[in-house]
1. Go through the stretch 840-857 residue by residue and turn each phi into a ³J(HN,Hα) via Karplus (6.51, -1.76, 1.60, θ = phi - 60°); whole Hz please, and just put x for glycine and proline.
2. Pop out the ³J(HN,Hα) list for the stretch 752-757 in order, Karplus 6.51 cos²θ - 1.76 cosθ + 1.60 with θ = phi - 60°, rounded to Hz; leave Gly and Pro as x.
3. Give the residue list of trypsin sites (Lys or Arg not before Pro) in the stretch 741-821 that are DSSP loop and have at most 16 other beta-carbon atoms within 10 angstrom.
4. Rounded, prolate or oblate: pick one for the stretch 628-687, where a ≥ b ≥ c are the square roots of the eigenvalues of its C-alpha gyration tensor, a/c under 1.5 means rounded, and failing that, prolate if a/b is larger than b/c, else oblate.
5. For the stretch 575-692, state what percent of all Cα-Cα pairs lands in each successive 5 Å bin, counting from 0 Å until the bin that includes the largest distance.
6. State whether the stretch 339-384 is rounded, prolate or oblate according to the following rule on the C-alpha gyration tensor (a ≥ b ≥ c being the square roots of its eigenvalues): a/c under 1.5 gives rounded; otherwise a/b larger than b/c gives prolate, and the remaining case gives oblate.
7. Quick one: net charge of M122's neighbours, Cβ under 11 Å, K/R +1, D/E -1?
8. Under Stokes-Einstein, with the Kirkwood radius over Cα pairs standing in for Rh, what whole-number D in µm²/s applies to the stretch 491-613 at 4 °C and 1.567 mPa s?
Amino acid sequence: MTIVSQPSHNRRGRRKNNRSSKSSSKCTTLLAKVFLSFALLWTFFVLFGSGSQTPSIEHHESFAKGKSGNSKAAGKGTSNVRGGGAVAIERNILPMIDPGPQPQVAFVLVATHFLSDPVKSMSTAIESILEHTNRERILSIVAVFPNSLLKKEGLKNEHVLQYFEELDLSGVILHQHGDVKHVHTESDAAIVSDKNQHVHGTKIKVMIEDDNDDIDGKNFSVAQSRRNAAQFIQILHEEHLLHGPKHKETILTFVRPDSTIESDDWLHYVADALLTSSPPNPKLDEIAASTTASKNAVSFAIKSTVSKKEFTSTSLDLNIQPVHTTSPLKSDLSLTNGRSYPTPILEGSVTSLLLSTYFNFLLPTPNSHLLKTTLSADIELSFSLWLCGNGIDILTDLHAEKDIMLMQRERDYLSDEEKILLVKDWMMNDGIGESILQRLQVDDASSSITTSKNNDLKKCRTFKWYTKEVNVLMEEELKNLTPPEAKSEQNHINKSDEKIKPSQPLREINQEIISKAPMVDISFVDASNNHEEYPHLGAKDENDNFGYRHDETYLKKNPPKFEFTKEEVGCSNHDGNYKMLTDKVNVDFASHEAREREANEQGGKRRAKLFCMVYTIEKNHDRIPPILETWGKKCDGFIVASNKTDKKIGTVNIPHEGPEEYNNIWQKVRSMWSYVYDTYYEDYDWFHIGGDDLYVIVENLRLYVESEEIQLASNGGEFLPNGNESTQKPLFLGRRFAEQGNMERIFNSGGSGYTMNKAALKSLVVTAFPTCMPHLHTFAEDVMVAQCLRNKIQVVPFDTKDEDGGERYMPFQPRHHLNYRLPKDPSSDWYANYSIDIKTGLDHCAAKSVAFHYIKPDLMKRMHAILYGQCA
């Protein structure tokens, strides 16, 4: 097992392709041999320098609790497996490979910060490799971890190394030798001592990349880590040519750690696809004539999406986002009896290509080291293979499976920076790039990312060819794309006093509500007074130092996996909560997806950006992980205000006047709103706050604030906004209660949380807070916020009922609202006394409800599973 550590900023060297000079090739070979020597010596010191004193993986509590991929492997010692140092080093150079006609195979798996359990995910993927691949054909399995990820997970490097060594050598998991699969049932010591038993050579190499301890993984590059691993494999390959069986070709296979191989004998099919020569396709011109394989790379089909009638491929749209389609490509490039079909972009779960192809066709570009995510690395490789080689096929007979709980955000996520650099590296040679940058709202002159000057690209096809013959989706969008100059002129004309009438007017009650409030200039005004006093002191970091700025986007970029079982959440319990959430309340997926498509279309209106806040205290931090796993990660910005900063769960210490206690929540909320205004105001459109027992249906909340009713109200009630407004009506949304039945003192219940637009937030913090009960200590923060907005700004809570009179914000659990009945004397029950024209039973809740209160962790997971169809 090998650990290779090197600073990411020094990993800029790239292996030259065949178009490079001979002198460069010799230099690279020399450096490679130096690198190999270092790697082998480092292996010796890591594995054998500490002798038998290397701690067992069981010493780490996360593995002791069953976090490892295989409990048997995690439980075994390793001192008897190692043997002598010289023997082990020989195995590291030349892992046992049986001579034969088939090529050998090497694997690369790169863990990212998107994985909620990186070691378990990595080990599960590796176990699938060992189960479905002849071990004698495996040259190496290189598992790459960013050092920052292991630190974030609280894992020590030596524990991770030992865990994978045990997984590699013990044989206690199902693995394959030739056509035989088996599991070692004897102890490791017996296997080594018994000459009749075979001994496993080292296959798994662990590379821990030093990304400067950046806890967010911003310095880690998947593309660069793949190159480092491939260079290491190339060294092993060259050593085999000199000292081992003469395998002229090595198949390089990338496996995502959230995916598993599901097909036996896959290597035979892949080798046939990559090594069988075929006549050049005239559609691929003279560039294709230089290669002999029918395709330069192949991807496995996803097992859950395989269909006999249609095949799924991945394309890119003009927003540089992946789109999964079933329509065939315009050019029928080498469809082989229905057993394979081309795809514009690698599917990504399992991808194979020849090692020589990787270094020949993956052209180095100025910005490659900035490709942080797996998707961006896959897109770069796809562009190289299509523009400069023979492209990519999906093999329908070979199946992979992916973890659907991680797939959506991790697989389809690209940062704005990655989108821009892909455009500048690959699309600037025929005018397409400028149009796409304009669509992405990037000023080419001001962008810090340089345009590629790689002369090798001149020898490849143009990107226009790629859109015409391969990525047809983008070509269709390009036809409808307004030229940048025309669009600029058109925007200038349209930004006048365009008046857009609504389809229907506001309800009378809401027209009256907004008529009392002024239009508010929503430009930012600094109200912090240099952060010298409450409530603008700001936040403290983990060491109690002021000036901390929480990364509110971290959760959305790194969403944790929703961990649950149907038994755990009680899917079979059809109680009142289940009935309300299945017979009435639902997530409006159809409207949500329609708005997503609209936002991604040319000239489409962007989606509202939501900032979500939760308040808690340190002793209740165990309530936060379920929020992060369920609804919190759906917000564009998210923060948990507490009395202790803990980056692992996103809590932030925001000090406030007075003690940290229930009877002083007013002061806590004053500081929270002030911190959010001072820090995040300009980046978001809507702001929602609630306690740590709140559940929000984020899709429904976003659709509600984007609705014509809310947009009309925010613009004064007569015309809809056109997107250029600098003023707004303050809107204060939530569950309206009349304090003690007094309709002159309506407030929004804090239980289900309440939502403000920019105008309301600015009015509260800048105008109201300085003079509205600034030193009062009380638990009734919801009453106080409403009082300040009412008395200082003339803003009262908006009526948020739907068209059928159903409530959107619920102060109790779903079953409570299903079963509650109004008493004959409303004054005898506080809830009836405070409520305003409520309905009962199923009619109480709106079908597109937004939030529920008193939702503890177990119920939160259950509700989430029910609402998102995971109890089916």
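1. 10, x, 4, 6, 5, 8, 5, 4, 9, 4, 9, 8, 9, 10, 6, 9, 6, x
2. Coupling constants for the stretch 752-757: 8, x, 9, 10, 10, 8 Hz.
3. Answer by residue number: R745, R821.
4. Here the stretch 628-687 falls in the oblate category.
5. Using 5 Å bins, I get a P(r) of 2, 10, 17, 17, 17, 13, 12, 9, 4, 1, 0 for the stretch 575-692.
6. Values: a/c = 2.10, a/b = 1.38, b/c = 1.52.
Oblate, since a/c reaches 1.5 and b/c is not below a/b.
7. Within the 11 Å Cβ shell, the charges total -1.
8. Rounded to a whole number, D works out at 60 µm²/s.
The values are calculated or read from the model by the stated rules, or taken from the named source; none is laboratory data. Since the model is a prediction, treat every value here as computed from it, not as a measurement. Here the Cβ is made from the backbone with ideal geometry for all residues, glycine too, and neighbour counts use every protein chain on show. Protein only, heavy atoms only, side chains kept; ligands, DNA and RNA dropped before computing areas. Shrake-Rupley method; radii C 1.70, N 1.55, O 1.52, S 1.80 Å.
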